[in-house]
Every structure is written in structure tokens, then in C-alpha cells.
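Read through the structure below, which is laid out as C-alpha cells, and then see the notes.
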Amino acid sequence: MLSQSLSERVGHPVHLKLEHHQTTGAFKLRGASNAIAALTPEQKSRGVVAASTGNHGRALALAAKLEGIRAVICMSKLVPENKLDAIRRLGADVRIVGNSQDDAQQEVDRLVAEERMVMLPPFDHPDIIAGQGTLGLEIMEQAPDAAAVLVPLSGGGLASGVAAAVKGISPNTKVIGISMARGAAMKASLDAGRPVQVEELATLADSLGGGIGLDNRLTFAMCRDLLDDVILLSEDEIAAGIRHAYEQEREIVEGAGAVGIGALLADKVGVSGPTVLILSGRNIDMALHRRIVCGEAATATERVA
Ligand SMILES: *Cc1c(COP(=O)(O)O)cnc(C)c1O
């Protein structure tokens, strides 16, 4: 979709890829359904398991349900009730274990070891990356003259898949990752030249939080080799993106989904040709969204208040 307001502002066409309208409210169903489709009948009979508090867990639960296979999503006690309900409603078996994502991962490891379930992680897996990559193929079909594609970046499954697809078709198109300044694990790892851990901080772009895994197998190298740049945004810049999406585009997006708009509004993207940006998700707490569009909440601390 051509954004009139952003195109006028930057002086060249800006297209929005509306992935927040995907079933489950984010692009994650692409990777989850591709990974499940690639399982052997024997693997399907063992069921799938993941630790995820967010959009991957939701997508995996739905993809498994559509295939009629068992899904277990492991989470810590800290996960809010509404997120639990969304995943339970999709028929997944939700396990609440411990007080952290690490505790939840231990339960995943136990289910893999003892019940031989198949783990499908949120980003560092070839079939997940390939599934997210279908988004890059669609972008190249819909906007073949794109000079740049702006991709929200966390663990890098989306950015790796999109960059591989886009660069395979159009090597000169720039692919730029965008993260929040607060706790950008991939950016810190790229700067260090190897996967590193960063402190996880509260951010409006909560779907971009979390590490890339110190034993990262695929997405670190793919982001290192394929991304042209990584841009970091302040909480104010993310809030401005959410607000602009609502007021100018009439779209409700979550913080992670608004970083492309935020980067353009902050004049942080040095590109002068047609630009595509991915609105990656819309699963934001609506009370928080209301405060942001009213200009009341622009930081993660206000978010908790
Ligand atoms: C998962 C997610 C991302 C980031 O994807 P990665 O593959 O982890 O980089 C961005 N936006 C939304 C809404 C997401 O759910």
C-alpha cells in the first residue's frame, strides 16, 4: 500500500507491507506454517514445542492446530493472562514454568529429551527463516523497483529471510534492519563480531526484545552478510511511529511494527529511492495504544505505570 503521507514527507514513494493484518496479527505464521509443513509424518506425530511469550507462540499454536498436531508452548509466570488466553484458545497446551524465559526453555528441553517433541524456535531455524522469506518474495513482486526494504529486527529470522529473498532477486536493493536502542541484541552482536548477550530492557517494541542465542547457528551470520545497515530507535521515535500509523494511515500497529515508520520520521534512513517498510505486527495492549496516540505514554517506564 502506498503511504501518501510518508511519500510526501520523504520525497519518494514509500510502500507499506501490511503484515499486521495477517492471521494472528503478525507475520510469524509464515515461518511457523512453513516449518510445520516441512516436518515428516513421524515428526508430526511427536508434536511441536517452543518457549514463546508472544507472536511466535501464537502462530505456532495455530499452524499446529490447522495440521491437527500437538503443540506445547512454555512460558514463565510473568506472562500476562491475555496472552495466555490467546494461545490457549488456539488449542495449544500451555505450560507455565518458573519465573523467566530460561526456566521456560528448560521445560522445552525436557519435553524434547523425554517426550521427543520437536522444538521449533522463533527465528534460528532454516524453515522458519525460509517461511519469513516469502515476505521478501512478495515485496519484490509488488515493488520490483524498491531501492530499500526496512525490516524490524530482533532475533533476525525475518531480516535473514527477507534479505536472502530480496538480494537474490535484486542485489542492489538495500535491506536495513531496525531495532530499539534499549537492548538491541543483534546490533550489539554485529558490532562485537559474534553473538553477545545484552541486558533485556522494557521497551515499547516488546516483540523485538530478547537475545539472539550465544550458540546462534544461522541468523547472526545471515544478518552480518546480508544487511546493509542496522538503525536503532529511541522510545520516543517508536511512539511517533505508532502514532503516525494510527493518525495518518489509520492502522493499529504494535511498537515492533512501527519502527520502519519511526525511522523515516526521524530521518535516520539515508535512502533516496522507493522504499518498502514492513508493518510486522499489531498485538499491542490497547490501553497502552490509547495512551500513546493521546501523547501520554512515550517511554517504557510510562508503559508500566
Ligand atoms: C518476531 C517479531 C519481529 C522480529 O522478528 P525476528 O525474526 O525475531 O527478527 C518483528 N515484529 C514483530 C511484530 C514480531 O512479532
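Worth a mention:
- Enumerated helices (runs of 4 or more DSSP H) restricted to segment 208-305, each holding at least 3 residues that are touching an Asp or Glu at 6+ places or on another chain (Cβ under 7 Å), polar (S, T, N, Q) and farther than 23 Å from LEU2 by Cβ: none
- Taken together, the residues in segment 58-86 that are of a type in the set (A, V, I, L, M, F, W, C), under 19 Å from ASN34 (Cα atoms) and either in a helix (DSSP H, G or I) or outside the structural domain of ALA35 (by TED's automatic domain parsing) (or both) amount to 7.
- Segment 92-105 residues that are farther than 20 Å from SER207 by Cβ and outside the structural domain of GLY47 (by TED's automatic domain parsing), paired with ones that are among the acidic types (Asp, Glu) and modelled with pLDDT under 90 (beta carbon under 9 Å, 6 or more apart): none
For every residue, the table says whether it meets (1) modelled with pLDDT under 95; (2) of a type in the set (A, V, I, L, M); (3) more than 16 Å from the ligand (Cβ to nearest atom).
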position	(1), (2), (3)
SER3	no, no, yes
HIS20	no, no, no
ALA26	no, yes, no
LEU60	no, yes, no
LYS77	yes, no, yes
VAL97	yes, yes, yes
ASP102	yes, no, yes
GLU107	yes, no, yes
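- Checked against the criterion of being more than 14 Å from the ligand (Cβ to nearest atom) and farther than 16 Å from VAL151 by Cβ, segment 205-212 has no qualifying residue.
- Applying the criterion of being in a helix (DSSP H, G or I) and of a type in the set (Gly, Ala, Ser) to the residues of segment 183-192, the residue that is surrounded by the most Cβ atoms within 10 Å (Cβ to Cβ) is ALA185.
- Taking segment 140-182 as the range and being within 16 Å of the ligand (Cβ to nearest atom), outside any helix (DSSP H, G or I) and among the polar types (S, T, N, Q) as the test, the residues that pass are SER154, SER179.
The values are calculated or read from the model by the stated rules, or taken from the named source; none is laboratory data. All of these numbers come straight from a predicted model, not from anything done at the bench. Please note: Cβ atoms are built from the backbone with ideal geometry, for glycine as well, and neighbour counts cover all protein chains shown.
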